[in-house]
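Enquirer: What follows is a structure written as structure tokens; I'll ask about it next.
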Amino acid sequence: MQGMINALLVHDESVPAPLVAEHLPEESEIRVAEVVDTLYPANDAVKRSDADVLVVACQEGSEAALNLIGWWRSARPGRPIVVLCLGTSNGYVEEAFNAGADDLLAMDEGPLVSDSTKQHIEFALRKALARTSTLPEQNVDYGKIICVLGPKGGIGKTVTSCNLSVALATRGIRTVLVDLDLQFGDCALSLGLTPDTTSFDLAISGGSLDAEKLDAFLLTHSSGLRVLAAPARPDQAASVSAEFIADVFGVLREQFDFVIADTPPSFTPEVITTIDASTAICMVGMLDALSLKNTRLGMETLDLMGYDPGRVRIVLNRANTSVGITRADVLSILGRNPDILVPSHRDIARSVNEGSPVVISQRRSEAARAFESLATLFGSAAESEEPNPRKGRGLIRGRN
Ligand SMILES: Nc1ncnc2c1ncn2[C@@H]1O[C@H](COP(=O)(O)OP(=O)(O)OP(=O)(O)O)[C@@H](O)[C@H]1O
Ligand SMILES: [Mg+2]
């Protein structure tokens, strides 16, 4: 995002302006252009404001703040609202999101404000702005972004991402795989590619990001799949910010039919940004009680973020393993049936070691057929190519 970003800060007497100022980012391109000291939406300064983002600072329970949020949501569509709240009972959080807030964060009581709170607020502002800046324009043909998620390590996210991507690319569909496991990503190696260029190299290359430049940093697989590899070393991960990832998606989805994102087993800022930008989610779970419980938690988190459950597909990996869990157990833990069942297969471990996904090396295997079905499921889905429209909800970060 170029240039300065203007924020309109609106607060009332219960939250003093100096305390709010302490919470906001310093030395950032996000600046408070105007401060209004009443939450009354019909206030002239609020009505006149052309700010890029609204920051509402209020006490929990403030009805006036809810009215203001609702007014801004309808009068300034596409301009995000971030709420800073003194006290955050769950009930009020819910009401603020329902009114149209994009994010709600708890304020520190002051007078000192922790660095961590400041960072969370800056991140929330950037995230809300990145989300609106990556919204597609009407007349451009945009690709679908599929975020492969699974809140536990070693359950088959990378195996699924690689096989799904190669299955799509083999069908002649323009596909790019982005490895968002920034510390320990292994997509390139799983595909037998040498990661000569990575997202770290791209992030530190400087200058503006466009299709031609990005292309030079993508690896090419024999199937035609392009890959943006993860940084070579964990210490390089910090250079690849969530905002940068949002920009990368913005460029990639103009060039490709499918952007597949492989993720680490946690909701990192990059992952949250990707969920926001995605058109669908592929949730990977494994057939054991702990893993299924985590999958359920992951789905609940998506729900909290306002993600449309109709856009979530569930892959149950190692689904044939005999571990004493029945289909009925799976249904009762997950609350719905998985869309695709991938069996356990020794060739999968071998395929990872040899860098050749089963959809190529073991095409007739049941596992390969399952990944092909997954590609068909996403490839033929009549889903919108708009990113998931959030219903004004966000992840809630509490006080530290
Ligand atoms: N269906 C399967 N059958 C046999 N082995 C499998 C299967 N799925 C995954 N594996 C094995 O499990 C290992 C871990 O899978 P994978 O790397 O895809 O997990 P992950 O969820 O990406 O883990 P992490 O969160 O650590 O990145 C693979 O290297 C492979 O050996
Ligand atoms: Mg992985």
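The values are calculated or read from the model by the stated rules, or taken from the named source; none is laboratory data. All of these numbers come straight from a predicted model, not from anything done at the bench. Virtual Cβ from ideal backbone geometry, glycine too; neighbours counted across all protein chains shown. Surface areas here come from the heavy atoms of the whole protein model, side chains and all, with no ligands, DNA or RNA. Shrake-Rupley method; radii C 1.70, N 1.55, O 1.52, S 1.80 Å.
Enquirer: What pairs in Lys47/Lys118; Lys47/Lys144; Lys127/Lys293; Lys118/Lys293; Lys118/Lys157; Lys47/Lys127 have C-alpha atoms more than 30 Å from each other? Before the final figure, lay out each step's value.
Expert: Working: Lys47/Lys118 28 Å; Lys47/Lys144 36 Å; Lys127/Lys293 28 Å; Lys118/Lys293 33 Å; Lys118/Lys157 33 Å; Lys47/Lys127 25 Å.
The pairs that break the limit, which is 30 Å between Cα atoms, are Lys47/Lys144; Lys118/Lys293; Lys118/Lys157.
Enquirer: Another one. Counting only protein heavy atoms and using a 1.4 Å probe, what share of the accessible area of region 144-380 belongs to carbon plus sulfur, as a whole percent? Write out the running numbers ahead of the final one.
Expert: Working: 4720 of 9390 Å².
Looking at region 144-380 in its full context, I get 50 percent from C and S.
Enquirer: Can you give the convex hull volume per residue for the Cα atoms of the chain, as a whole number of Å³? All intermediate terms of the calculation are to be shown ahead of the outcome.
Expert: Details: hull volume 56.5 nm³, N = 400.
Hull volume normalised by residue count: 141 Å³.
Enquirer: Given Cα pairs under 8 Å that are at least 6 residues apart, what percent is the relative contact order of the chain?
Expert: Details: 796 pairs, mean separation 73.3, N = 400.
Computed over the chain, the figure is 18 percent.
Enquirer: I'd like the per residue volume of the convex hull spanned by the Cα atoms of region 230-330, given in cubic angstrom. The partial results should precede the final answer.
Expert: Values: hull volume 14.0 nm³, N = 101.
Spread over its residues, the Cα hull of region 230-330 gives 139 Å³ apiece.
Enquirer: Next question, about the same structure. Putting +1 on Lys and Arg Cβ atoms and -1 on Asp and Glu Cβ atoms, find which of Ile245, Leu228, Gly207 reaches farthest to the positive end of the dipole of region 144-380.
Expert: Leu228
Enquirer: Here's something else I'd like to know. What's log10 of I(q)/I(0) for region 144-380 at q = 0.08 Å⁻¹, Debye sum over Cα points only, no solvent?
Expert: Relative scattering, expressed as log10 I(q)/I(0), comes to -0.26.
Enquirer: When the accessible area of region 5-133 is computed with all protein chains present and a 1.4 Å probe, what percentage of it is carbon and sulfur?
Expert: Numbers: 2590 of 5350 Å².
Of the solvent-accessible surface of region 5-133, carbon and sulfur hold 48 percent.
Enquirer: Mind checking the per residue accessible area of the chain for me, 1.4 Å probe, whole number of Å²? Intermediate values should be presented prior to the final figure.
Expert: Values: 17010 Å² over 400 residues.
Per residue, the chain has an accessible area of 43 Å².
Enquirer: At q = 0.11, 0.16, 0.17 Å⁻¹, what log₁₀ I(q)/I(0) does region 125-258 have when each alpha carbon counts as one equal point scatterer in the Debye sum?
Expert: Summing over Cα pairs of region 125-258 leads to -0.38, -0.83, -0.95.
Enquirer: Using mean Cβ contacts within 10 Å as the protection proxy, how do 202-213, 263-274 order, highest first?
Expert: Working: 202-213: 11.8, 263-274: 20.7.
Taking the mean over residues of other Cβ atoms within 10 Å, the ranking is 263-274, 202-213.
Enquirer: Right, here's the next one. Set the Förster distance to 51 Å, then compute FRET efficiency between Arg350 and Val35 from the Cβ-Cβ distance, nearest 0.05. List each step's numbers first, then the result.
Expert: Details: r = 62 Å, r/R0 = 1.22.
That pair, Arg350 with Val35, gives E of 0.25.
Enquirer: Given q = 0.11, 0.17, 0.18, 0.20 Å⁻¹, what are the Debye log10 I(q)/I(0) values for region 5-133, with equal point scatterers placed on the Cα positions and solvent ignored?
Expert: -0.31, -0.80, -0.91, -1.16
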